[in-house]
Amino acid sequence: MSRKKWFAAAVMLPLVFSVLLAGCGGGGGGNNEGGNAAAKDKPTLKLLRNYMADDYNSYPVNQFLEEATGYKLQNDMLPQENPDDKLNLIMASNSDYDLVDAMNKQVYFNFAQNGALTDLTPLIDQYGPNIKKAVSPKSFAGVTVDGKIYGIPTLNVSYVRSGLLIRTDWLEKAGKKMPTTLDEFVDVLKAFKDQDPGGNGANNIPMTIDAIGLLDNLTGAYGIFGSWTDVDGKLVNVVDHPGLKDYITFIRNLYDQGLIDKEFATNKSATAAEKFTSGRAGIYLSIWSSIPSFDEALQKNVPGATYQFIPPLKGPNGQSGFTEIGGFNKITFVPKSAKHPEDAIKLVNAMLDPNTFKELFIGKEGETYTMENGNYMPIDPAFFDDRAQSNNFVIGMDEANFVQYWQARLQKSKPMFDNYKIINSVPQDQIHMDPLAFASYLPKYSANSVKLDTLVNDGLIKMIVDGVSDNAIADLQKAWRDAGGQDVEKEVNDWYASQQ
């Protein structure tokens, strides 16, 4: 999809960007609150963060930020399961959090549209010279509602995020090669079931997943790439995708043959991970960034266990590929009920001082990283102890430099780095960017996307467990349209046509 019109629209947004970009010259001076600023007269700021395995408040990055900005930070965390539900409850209670992370862009848009957020436009103009230098107009355009900025976007590196991890030692024991087609994939699953290469007996699971209806890699074999796919120049939701029936029938057949975890519909993500790390499952749907968190457990439980992502599997019509994410990792906002909105922006501005951001993200050269041939390389164990989770602390990105810094994070675990390369080094024609990754505010999509995605996921899971039929698919399509899908489809396609 062409980005020329998108970028032109971003830089020509009304007066707000003229204001934001005015006076951006110079270094980290002006209103910068960084540089070991004294905490005198600065309030303690309350932050609601996304889930991570470590405690935010005791993690070394938090101490660094407190020293660098002069603010005492009280960090709370959203749960790993159903974070949006918890966030909605918190926002409905008029919580006094000063800064809140939202991973779901449409949840952010809903809060902004409903008057629950502070307009940050004048605050960024007054207190955010580093913010205006670090965050691009294109990124700000993606979080602007009715000409106002209500959140600080944290840009994503565009990459393939998830796939099917397979125990390669199981493959060897079963006498099988890495599958390249769906037929070969089924053959491997049957061998995992019948031959029990993990020695689990009745507890053996050929493939485990949690309650997800769209399985990356397997969807690509039917030309489905996320919730919305470009089909002949039009965005089509998965409920109307021409490959849906064949895809869901394939998954149902796997379930019916006992090749997928019978408990998948009630599995939490942690439950599915435990089944893989305990050595019970041969294949596991995972995101590559989670590998460090479970690799140690797997190696402890099954010394010498080996695994890797399965490359794109070809479907019956020769289709294959992965979905690439882009857009934003999260959007951080200031609730209308926050007690210290000015200080919240001063904190973010201090965090985006170029030197502060770099040290936040990767630490100090010679202590946590070294430079090798122009690449940032982590020093073991200092980087892993002090900066492995620092990406969870950032609010906004130094967009000009963070991809280079990110190299060190990528190599914090050799299994993670190796598997990242496997699913991100496939031919470009097999990588499909989410077409709505950088979409601007779409009111109907924003108001309904979470509900519609949940409806679709629940419907697909029901068909996997109970069976697939034309009537079941028609019922799902009707339920989707009645729940607002028809209006959303028109809205996203009107936007998509404007970008061509």
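The values are calculated or read from the model by the stated rules, or taken from the named source; none is laboratory data. In this text the structure is predicted, and so the values were computed from the model without any measurement. Ideal geometry is used to build each Cβ from the backbone, glycine not excepted, and the neighbour counts take in all protein chains shown. Surface areas here come from the heavy atoms of the whole protein model, side chains and all, with no ligands, DNA or RNA. Shrake-Rupley method; radii C 1.70, N 1.55, O 1.52, S 1.80 Å.
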Would you check if Lys275 is under 30 Å from Gly226 (Cα atoms), among the basic types (Lys, Arg) and assigned to a strand (DSSP E or B)? no
Those residues of region 362-378 which are modelled with pLDDT of 90 or more, part of a loop (DSSP other than H, G, I, E, B) and open to solvent by 40 Å² or more (accessible area, probe 1.4 Å) amount to Lys364, Gly366, Glu367
Which residues, counting only those in region 344-361, are among the hydrophobic types (A, V, I, L, M, F, W, C) and not in a helix (DSSP H, G or I)? Leu352
Take Pro197 and decide whether it is assigned to a loop (DSSP other than H, G, I, E, B) and in contact with a helix residue (DSSP H, G or I) (Cβ under 6 Å, 6 or more places away or on another chain). yes
Enumerated helices (runs of 4 or more DSSP H) restricted to region 90-179, each holding at least 2 residues that are crowded, with 17+ Cβ neighbours inside 10 Å and not assigned by TED's automatic domain parsing to the domain that holds Leu215: 105-113, 121-127, 129-134, 137-141
Inspect region 474-495 for any residue being in a helix (DSSP H, G or I), touching a residue at least 40 places away in the same chain (Cβ under 8 Å) and small (Gly, Ala, Ser) and give the result as yes or no. yes
Of all residues in region 22-51 being at pLDDT 50 or above and of a type in the set (A, V, I, L, M), the one that is surrounded by the fewest Cβ atoms within 10 Å (Cβ to Cβ): Ala38
Going residue by residue through region 196-219, is there one that turns out to be open to solvent by less than 10 Å² (accessible area, probe 1.4 Å), modelled with pLDDT under 95, within 30 Å of His241 (Cα to Cα) and not aromatic (Phe, Trp, Tyr)? no
Assess whether Asp85 counts as being in contact with a Pro (Cβ under 9 Å, 6 or more places away or on another chain), surrounded by fewer than 19 Cβ atoms within 10 Å (Cβ to Cβ) and touching a residue at least 24 places away in the same chain (Cβ under 8 Å). no
How many residues, within region 401-418, are open to solvent by 60 Å² or more (accessible area, probe 1.4 Å) and without any contact (Cβ under 8 Å) to a residue 40 or more places away in the chain? 2
Scan region 121-138 residue by residue and report those that are more than 20 Å from Lys358 (Cα to Cα) and out of contact with any helix residue (DSSP H, G or I) (no Cβ under 6 Å at 6 or more places or on another chain). Pro122, Gln126
For region 140-189, enumerate the residues that are closer than 30 Å to Asp125 by Cβ, within 17 Å of the chain's Cα centre (by Cα) and of a type in the set (Val, Ile, Thr). Val143, Ile152, Thr154, Val157
Can you give me the number of residues within region 458-478 that are crowded, with 16+ Cβ neighbours inside 10 Å and within 25 Å of Gly233 (Cα to Cα)? 3
Scan region 52-76 for residues that are modelled with pLDDT under 95 and touching a strand residue (DSSP E or B) at 6+ places or on another chain (Cβ under 8 Å) and jot them down. Met52
